[in-house]
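Below: the structure, in C-alpha cells.
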Amino acid sequence: MVDYHAANNQSLYSAGGQQIYMEQENDWDRDLLLDPAWEKQQRKTFTAWCNSHLRKSGTQIDNIEEDFRDGLKLMLLLEVISGERLPKPERGKMRVHKINNVNKALDFIASKGVKLVSIGAEEIVDGNAKMTLGMIWTIILRFAIQDISVEETSAKEGLLLWCQRKTAPYKNVNVQNFHISWKDGLAFNALIHRHRPELIDYDKLRKDDPVTNLNNAFEVAERYLDIPKMLDAEDIVGTLRPDEKAIMTYVSCFYHAFSGAQKAETAANRICKVLAVNQENEHLMEDYEKLASDLLEWIRRTIPWLENRAPEKTMTEMQQKLEDFRDYRRVHKPPKVQEKCQLEINFNTLQTKLRLSNRPAFILFALSLLDHLAEKFRQKAAIHESWTDGKEAMLTQKDYETASLSEIKALLKKHEAFESDLAAHQDRVEQIAAIAQELNELDYYDSPSVNARCQKICEQWDALGSLTQSRRESLERTEKQLESIDELYLEYAKRAAPFNNWMEGAMEDLQDMFIVHNIEEIQGLITAHDQFKSTLPEANKERESIQAIHAEVQKIAQYNGIKLAGNNPYTTITPQTIDKKWEKVQQLVPQRDQALQEELARQQSNDHLRRQFANQANMIGPWIQNKMEEIGRISIEMNGTLEDQLTHLRQYEQSIIEYKPNIDQLEGDHQLIQEALIFDNKYTAYTMEHLRVGWEQLLTTIARTINEIENQILTRDAKGISQEQLHEYRTSFNHFDKDHSGVLQAEEFKACLISLGYDVENDKQKRTGIMDSDDFRALLISTGNSLGDAEFGRIMGIVDPNNSGAVTFQAFIDFMSRETTDTDTADQVIASFKILAGDKNYITAEELRRELPPDQAEYCIARMAPYTGPDAVPGALDYMSFSTALYGESDL
C-alpha cells in the first residue's frame, strides 16, 4: 500500500527526474554543540531529574535519548510534573505513532507559553541526543525554574539571588554563577546546613577538598532530602567549568525541597494558631450556652409559678404563699440575677474575642430560643428552596440530544459537579429536618407549618435524587454513542489528512513547470511520472476506504436518531473536497503526459541541433588551430627573402578568407541553437564564442605577420640592413623565444643582445651611434660579454616604452638597426642649429626662414620655446631644448 503519511513530506519529482523522499530538516537553534564533558554532565543530571518525577508513577528511564523516542514516558513525565492530563497516547509501534506521541508532548509544552525553537518530533524519535537534551532543558526551565521568584526577580536570577542569600553567612562561599561558584562543593553544603543544620558539620569542611565536600552534600541530599544524586563529584571537579544547565537543575531541586518544607511548616503553624483561637472561642460558647440554658430552664419553671394568681382558700395557705415569694426574692432570685450579669459579661468577652480574631459574631442564646430555632429553620429552608429553584427543569431538559461529544463530556462534568453539590446539600436537608424535630419537641406554636414545609422539602429532595440518576444514565448513554462516532471521525481525519496532502502535492507536482536541458532529464521525468501513475489504483482504494468511514458515521447517527452538530471536529477536509481534488488529479495526469511528450520531442530536436553544430565546430576548431601554428611556423622559419615570405603570407591570407563561408554556416547553426535556448553541448568542447575569437585571432595574426614582414622590408631598405643581418637577427630572436610567443621577456632580450656581441660598459661610444658591427664585436671580446644594469635599463626604455616587460621582433630590429648604422643624434642636430645661428646659443625666426625651406622653418618656429639665457634678445628661440625633444630626451 502507498504510504500516504510518508508521501505527505515528500516531493514527487526532482529536477533530474528522480523521486526524492526527504524528511523535514530541523531548524532548531543548535547551541547544543556541547563540550563532551558538559554533555556527560547534562545526561546524568537530566536523567536523574526525570527519574525523580517518573518514579512517582512507578517507572524510570535509563537512556535519555532512547527511552523518550516513542513519546510515552515523555507524556507521562509532563503529566506528573504539571498535574494535568495529556491527550490519550497512541500505543502503536510504527514511526508515525511515535511521532504523533512526541508531537502531543511538544504541543503541551508549547501550550504553556514555551517557544520550542527548531525542536521537531522526528529528531526526538530518531534519538538525536543533543535535541533531546535541549527539549528536557526546556521542560526543566518551564516547570522547575521559571516559577521561582525572589523579590520581583524570576527564573535564573531569582534562583541565583536565593542561593546568595542563603549562603551569605558562610565563609569561603561566594555564589556568583551556576558553574565555577559550585565547583568546591561548599555552596551545596551551605544550602543544606542553612535549612537543616543537624545534617552537616560545616566547620569540618575544607575548601581544598572539593571531592569530599561534593560527595558529602550529594549523599546527605539523597538520604535525608529525597534529592536524587544527579552528578558525580569527579564530573564537576574534573572540568574547568562545570555545565551551567546541569548545576541549575541540581540547585533547583534544593530550592523546591527547602521552600516546600518551609511552606509546610508555616502552614502548620498558621493552622495551629487558628485552631487554638477557635477552640478557645468554642469553649467560651459552650460555657455561655450551658449557663444560658440553665438560666432559661429556671425561668421556664419559675414563670408559671409567678403567674399563678389564684387566691388561696385559707389564711395559712396565703401566708405560706407570701413567704414563698419572699423566699424567692431573698434566696432564689439574687443568684439568678448574678448569673444573668455573668452571662452578659461572658457574652461581651466572647464577642470581643470573635471580633479580634476576625470571626463572625456569636448569636445570642437569648431567652427566645424557640424563636431563634424557628428563624434558623426558615433561613435554612429559604436557602435550600432558593437552591432547588429550577433544578427540576434543569434535570429534565434534553439538551444532550443535539450536543457534540465534547459538549456531552462538559455536561457530564457539570452533572458530576451538581451531584457533588447535591451531596453537600444533604447535610442542610438533614439539619432542616433536625430543627423541625427539635421545634416539635419544644412545642413550638407554629409547628404544623414548620412540619408541612419540612415535608415538602424532603419530598422534593427525593424527586431531585431520582431525576439526577436518570439524567446521568441519559448522558452516559449518549456519550457512549458519540464516542463511537468520534472514533470514526478521528480515524477519518487521520487518513484523510495525509491523503489530502498527497493529492495536493500530486496536483502541485503535476502542474509544476519543469525545465530540462537534455533527453536524459526529460526521460527521467517521464519515468517518474509513469511510476506515479502506477500508484493511482492503490490511491483510489484509499480514497474509497476514507469515504466509507464517513458513510459509517452517517449510518450510526441515522440509526440512533443522533443529530450531528456540524462537521468532523478533527478536520476541515470533507468527502466532497476529497472527491473534487481526486477528479482534478485525474484531469491533470493526461495533461502532464502531453506536456512531457512535447518536451521529449523538443529535446530530440535540440539534440539534432547540437550534433549538427558539433560536427562543424569539431572540424573548424582544429582547422583554425592548425592555421595559427602554420603562420607561426612561417614567421619563424624565414624561408626565402622577405619579399618571398610576404608573397607566401598573402597567398595564405587569401586561403583563410576563402574559408569564411564555413564560419558563416556555423554561425547559422549557432543561431538556431540560441533560438532553441540550448545552453550546453556534450558533443563538442568548442563554443561559438571560442571559435569567433579563434577566427578573429587568425585574421589578426595573419595581418599582423604580413605587417611585420612589410615593416622589416621598410626597415631593411631605410637602414641598409642586409638580408644576412636580418636572418642573423631573426635566428637569435627565435632562439631565445623559447615559448614561440613572438616576443622576448627582459631576461631573454638581454641574453639575445649578449649573443649578438652587444656591450654597454663604454657608454660614450654607444651613444655616438657610429660604432660599426666589427667594433661592437671587438668591444664584446675585450669586456668579457657583460651588460650593465643601467645600460640595459636604458635599452629597455627604448624597445619597451610602455613597460610591458616584453620586446617584439620589430622593436628588436629597430633597436639593432639604430645601434649598428649611422643615425642622427640630438647632439648632431644641436651642432647643426648652432652653425645656422652663427655659433650663438639661440636662433631667430629670420635665420630659420633664411636657412630652411618655408614649411620646415615654420614647423620649428611654432614648436621652439623662447630662449631665456643671459644673452637672450627679443624673439630669441631655444633650439637646444627643441633638438633634445625631437629624440625624446625632453618635452616639446
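Volume per residue for the stretch 270-357 equals 80 cubic angstrom (convex hull of Cα atoms). Using C-alpha pairs below 8 Å separated by at least 6 residues, the relative contact order for the stretch 368-573 is 33 percent.
In the calculated pair-distance distribution of the stretch 394-508, the portion above 26 angstrom amounts to 50 percent of the Cα-Cα pairs.
Full extension of the segment from Ala831 to His517, taken as 0.36 nm per residue of separation minus the current Cα-Cα distance, would add 105.3 nm. Taking the alpha carbon gyration tensor of the stretch 368-573, multiplying each eigenvalue by 5 and rooting it gives semi-axes of 70, 16, 10 Å, largest first. Partners of Lys750 within straight-line reach, counting lysines whose Cα lies under 22 Å from its Cα and excluding those fewer than 8 residues away in the same chain: Lys738, Lys764, Lys766. Rounded to the nearest 20 debye, the dipole size of the stretch 37-264 about its Cα centre is 400 debye, using +1 on the Cβ of Lys and Arg and -1 on the Cβ of Asp and Glu. Relative intensity of the stretch 37-264 on a log10 scale, I(q)/I(0) at q = 0.09, 0.12, 0.13, 0.14 Å⁻¹, equals -0.38, -0.67, -0.77, -0.88, per a Debye sum over C-alpha point scatterers of equal strength in the absence of solvent.
Relative contact order for the stretch 591-736: 39 percent, from Cα pairs under 8 Å spaced at least 6 residues apart, divided by residue count. The lysines within cross-link reach of Lys130, meaning a Cα-to-Cα straight distance under 16 Å and a gap of 8 or more places when in the same chain, are Lys40, Lys44, Lys245.
Think of the chain as having a plus end and a minus end, set by charges on the Cβ of Lys, Arg, Asp and Glu; of Ser447, Pro498, Pro87, Ser447 sits farthest toward the positive end of this dipole.
By the rule of a C-alpha distance below 19 Å, with chain neighbours fewer than 8 residues away ignored, the lysines paired with Lys376 are Lys456. Solvent-accessible surface (1.4 Å probe) assigned to Cys272 amounts to roughly 90 Å².
Dividing the mean sequence gap of close Cα pairs (under 8 Å, 6+ apart) by how many residues the chain holds gives a relative contact order of 8 percent. Ranking of Leu77, Leu467 by solvent-accessible surface, largest first: Leu467, Leu77 (1.4 Å probe, protein heavy atoms only, all chains present). In this Cβ point-charge picture (+1 for Lys and Arg, -1 for Asp and Glu), the chain has a dipole of about 6200 debye about its Cα centre.
Can you bin every Cα-Cα distance in the stretch 62-167 into 10 Å intervals starting at zero and give me the percent of pairs per bin, rounded to whole numbers? P(r) over the stretch 62-167, rounded to whole percents: 15, 42, 26, 13, 3, 0. As a calculated quantity, the FRET efficiency between Asn63 and Val589 at R0 = 45 Å, using C-beta atoms, amounts to about 0.40. Projecting the Cα atoms of Gln426, Leu141, Tyr489 onto the charge dipole of the chain, computed from C-beta unit charges around the Cα centre, puts Gln426 farthest toward the positive end.
Largest first, the residues Glu317, Glu65, Glu307 sort by 1.4 Å accessible area into Glu307, Glu317, Glu65.
Placing +1 on the Cβ of every Lys and Arg and -1 on the Cβ of every Asp and Glu, with nothing else charged, gives the stretch 826-887 a dipole about its Cα centre of roughly 40 debye. For the chain, the carbon plus sulfur part of the accessible surface works out to 51%, probe radius 1.4 Å. Return one number: the angle in degrees, 0 to 90 and rounded to the nearest 10, between the long axis of the Cα atoms of helix 369-388 and the longest principal axis of the Cα atoms of the chain. Its long axis makes an angle of about 40 degrees. The simple spin-label model puts a point 7 Å past each Cα toward its Cβ; for Lys204 and Glu430 those points are separated by 5.8 nm. Taking every DSSP helix (H) stretch of at least 4 residues in the chain, weighting each as -39,500 (n - 2.57) and dividing the sum by the residue count yields a mean residue ellipticity at 222 nm of -23000 deg cm²/dmol.
Here the average projected area of the convex hull drawn through the C-alpha atoms of the stretch 491-548 stands at 4.3 nm². Here the scattering of the chain is modelled by Debye summation over its C-alpha atoms, one equal scatterer each and no solvent; at q = 0.09 Å⁻¹ the log10 of I(q)/I(0) is -1.13. Rolling a 1.4 Å probe over the protein heavy atoms gives the stretch 74-160 an accessible area of 46 Å² per residue. Of Arg495, Arg330, Arg650, the residue with the largest accessible area leads and the full order is Arg330, Arg650, Arg495 (1.4 Å probe). In the chain, a dipole from Cβ-located charges (positive for Lys and Arg, negative for Asp and Glu) runs towards its positive end, and of Pro575, His332, Gly720 it is His332 whose Cα lies farthest in that direction. Enter the angle in degrees (range 0 to 90, nearest 10) between the Cα long axis of helix 746-755 and the first principal axis of the Cα atoms of the chain, meaning the one along which they spread out most. Long axis of 746-755 versus the principal axis of the chain: about 20 degrees. Computed extension length for Lys480-Thr577: 32.0 nm, one decimal, from 0.36 nm per residue of separation with the Cα-Cα distance subtracted.
Relative to its residue count, the stretch 826-887 spans a Cα convex hull of 78 Å³ per residue. Net length available on complete extension from Tyr859 to Asn177 is 236.2 nm, with 0.36 nm assigned per residue and the Cα-Cα distance removed.
Legend: calculated FRET efficiency, Asp327 to Ile271, from the Cβ-Cβ distance at R0 = 35 Å, rounded to 0.05, equals 0.05. Shown here for the stretch 682-716: trypsin sites (Lys or Arg not before Pro) in loop regions (DSSP other than H, G, I, E, B) with at most 14 other Cβ atoms within 10 Å, namely Lys682.
Close amide H partners of Ala865, meaning residues 5 or more places away or on another chain with modelled amide H under 5 Å apart, are Asp878, Phe882. Between Glu419 and Arg309, what is the label-point separation in nm under the 7 Å Cα-to-beta-carbon projection? So the label points at Arg309 and Glu419 sit 6.5 nm apart. Projected over every direction and averaged, the convex hull enclosing the alpha-carbon atoms of the stretch 198-321 yields 15.6 nm². Taking the Cα atoms only, what angle lies between the long axis of helix 809-820 and the longest principal axis of the chain, rounded to 10 degrees? Helix 809-820 and the main axis of the chain meet at about 40 degrees.
Label-to-label distance for Glu286 and Arg223 is 4.7 nm, based on points extended 7 Å past Cα in the beta-carbon direction. Put one equal scatterer on each alpha carbon of the stretch 372-423, apply the Debye formula with no solvent term, and list log10 I(q)/I(0) at q = 0.12, 0.13, 0.23, 0.25 1/Å to two decimals. Here the Debye-derived log intensity ratios amount to -0.41, -0.46, -0.92, -0.99. Taken over the Cα atoms of the stretch 194-251, the convex hull encloses 92 Å³ per residue.
First measure r as the distance between the Cβ atoms of Ser655 and Leu852, then evaluate 1/(1 + (r/R0)^6) with R0 = 41 Å and state the FRET efficiency to the nearest 0.05. Efficiency, rounded to the nearest 0.05: 0.20.
The values are calculated or read from the model by the stated rules, or taken from the named source; none is laboratory data. Please read all numbers here as calculations on a predicted model, not as lab measurements. As a convention, Cβ positions derive from the backbone with ideal geometry for all residues, glycine included, and neighbour counts pool all protein chains shown. All accessible areas refer to the heavy atoms of the entire protein, side chains included, with ligands and DNA or RNA removed. Shrake-Rupley method; radii C 1.70, N 1.55, O 1.52, S 1.80 Å.
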